[in-house]
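See structure below.
Bear in mind that the values in this text are calculations on the coordinates, not laboratory data. Computed from a prediction, not measured in an experiment: that's the story for all the values here. Ideal geometry is used to build each Cβ from the backbone, glycine not excepted, and the neighbour counts take in all protein chains shown.
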Amino acid sequence: MVAIGETEWRKVVLHLTVPIQKDKQIFFQKHKTHHPLAEVDREWLSVMKNCFLIRDPREVIASYVKKREDPALEDLGLTQQAEIFDFVHNRAKSVPPVVDAKDVLENPERMLRLLSSAVGVEFSKSMLSWPPGLHETDGLWAKYWYTEVAKTTSFQPYRPTQDEVPERLRETYQRCCECYERLYHYRLR
């Protein structure tokens, strides 16, 4: 599937920034902060409504090492997320919405109402549930990363992980915490 996808970033950006089709109100895009390469110009982000989902770095690392034992700082995406947040914040001259994953799981309806309001979308109770299984719109990597989500039909209660950050990743963890805290300060409450 990756082999047949577009690889020229300018063409991808053009596709992502076209006007929304007349029969649609929203063109939702989920971007992973560690995917864009250094040569990809971020200027296109300033024409989008951006919001940021953050998660406690301890939980990010604990989850990630189950799939890949020794991630580099750049694999986790928190430093890139902080850079992109700063870029969007500076261009927009306003603070883009930030949502903490724990807050969403503790009170999904409240947080989705706040986020909907922040991005100018009407809240709907349908945002709180979904059909079980993987879906075409979940993306290419869903079968590797979303197996647990595929078993659900709604938000599950927050359960803190008991996993500790491996000693070999302590420095990485500290750097991730610095980035997380910068965005956490701005989170919707």
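What to note about this one:
One line per residue, one yes/no per condition, for (1) over 23 Å from T33 (Cα atoms); (2) in contact with a strand residue (DSSP E or B) (Cβ under 9 Å, 6 or more places away or on another chain); (3) surrounded by 11 or more Cβ atoms within 10 Å (Cβ to Cβ):
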{"position": "H89", "(1), (2), (3)": "no, no, yes"}
{"position": "A92", "(1), (2), (3)": "no, no, yes"}
{"position": "P97", "(1), (2), (3)": "no, yes, yes"}
{"position": "L105", "(1), (2), (3)": "no, no, yes"}
{"position": "E136", "(1), (2), (3)": "no, no, no"}
{"position": "A142", "(1), (2), (3)": "no, no, yes"}
{"position": "Y158", "(1), (2), (3)": "yes, no, yes"}
{"position": "L169", "(1), (2), (3)": "no, no, yes"}
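- Any hit, the stretch 84-95, residues being among the aliphatic types (A, V, I, L, M) and without any contact (Cβ under 8 Å) to a residue 40 or more places away in the chain: no
- Of all residues in the stretch 43-64, one or more are among the charged types (D, E, K, R) and surrounded by fewer than 11 Cβ atoms within 10 Å (Cβ to Cβ).
- Residue match in the stretch 175-189 (condition: touching a strand residue (DSSP E or B) at 6+ places or on another chain (Cβ under 6 Å), closer than 17 Å to D56 by Cα and of a type in the set (K, R)): yes
- Selection status of D75, part of a helix (DSSP H, G or I) and either surrounded by 10 or more Cβ atoms within 10 Å (Cβ to Cβ) or touching a helix residue (DSSP H, G or I) at 6+ places or on another chain (Cβ under 6 Å) (or both): yes
- Subset of the stretch 2-31 that is in a helix (DSSP H, G or I) and free of Cβ contacts under 8 Å to residues at least 24 places away in the same chain - its residue that is surrounded by the most Cβ atoms within 10 Å (Cβ to Cβ): V12
- Filtered residues of the stretch 33-72 (kept if of a type in the set (G, A, S), touching a residue at least 12 places away in the same chain (Cβ under 8 Å) and part of a loop (DSSP other than H, G, I, E, B)): A72
- Look at the stretch 164-189: where a residue is farther than 19 Å from V104 by Cα and a partner is hydroxyl-bearing (S, T, Y) and part of a helix (DSSP H, G or I), sitting 6+ places away or on another chain with Cβ atoms under 7 Å, you get V165/Y173; R175/T79; C179/T79.
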